[in-house]
Amino acid sequence: MSAREQVRRWFLEARTDLAVVRSLRREGHHHAACFYAQQAVEKALKSVLIAVTGQYSMTPSCKNLVERAVAYVPRLRAVIRRVEDLDSLYTAARYPNALPEPERPSRYYTGRHSARAEATARTVLDIVEAFLQSQGISTGEEAS
């Protein structure tokens, strides 16, 4: 599989995760929507790094990924703090022992949390999509 196809696959999965965020928010599953927003951003940033370095990064840390990606996509600098905030969602939005007792993710996270996470993910995906397209990488479902 070509490097461009790898990048495209990662980006398309990021886009799918963002669609999952919207669905979960509509159903009131804000904790899960927060986690999927983090996943969307993680995959989008990995698509950038694969595009420019040819290397896959194993880290789930959006902070680490955005700090590396901003060197290639300066527009990401505008959302770097919001992206860094998503790292807490990787664990806390899924596991009850990641929150102080008696909290649990399904009761702790609200529409306000998931709306902010979704907005961050949408912004990152828009920036990444523009970058990938500027590199001649297709971001659509059509075969490349």
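Find me the longest stretch of the chain that has none of the exposed GluC sites (Glu not before Pro), where exposed means in a DSSP loop (not H, G, I, E or B) with at most 15 other Cβ atoms within 10 Å. So the longest stretch without any such site is 28-102. Averaging over all projection directions, the Cα-based convex hull of the chain occupies 8.5 nm² in the image plane.
Available extension along the chain between E101 and R122 is 4.4 nm, counting 0.36 nm per residue and deducting the alpha carbon span. The chymotrypsin sites (Phe, Trp or Tyr not before Pro) found in the range 49-144 that occupy coil by DSSP, while having at most 12 further C-beta atoms within 10 Å, are Y56. The calculated FRET efficiency for the pair S2 and R81, based on their C-beta separation and a Förster distance of 35 Å, comes to about 0.50. Length available on full extension from E67 to A115: 0.36 nm per residue minus the Cα-Cα distance, which gives 14.9 nm.
In the chain, helices alone account for a calculated mean residue ellipticity at 222 nm of -21500 deg cm²/dmol, with every DSSP H run of four or more residues adding -39,500 (n - 2.57). Once both labels are positioned 7 Å from their Cα atoms along Cα-to-Cβ, the gap between R22 and S134 label points is 2.5 nm.
Every number in this text was worked out from the coordinates using simple rules, so none of it is lab data. Note that this is a predicted model, so its numbers are computed, not measured. We place every Cβ from the backbone using ideal geometry, glycine too, and count neighbours over all the protein chains shown.
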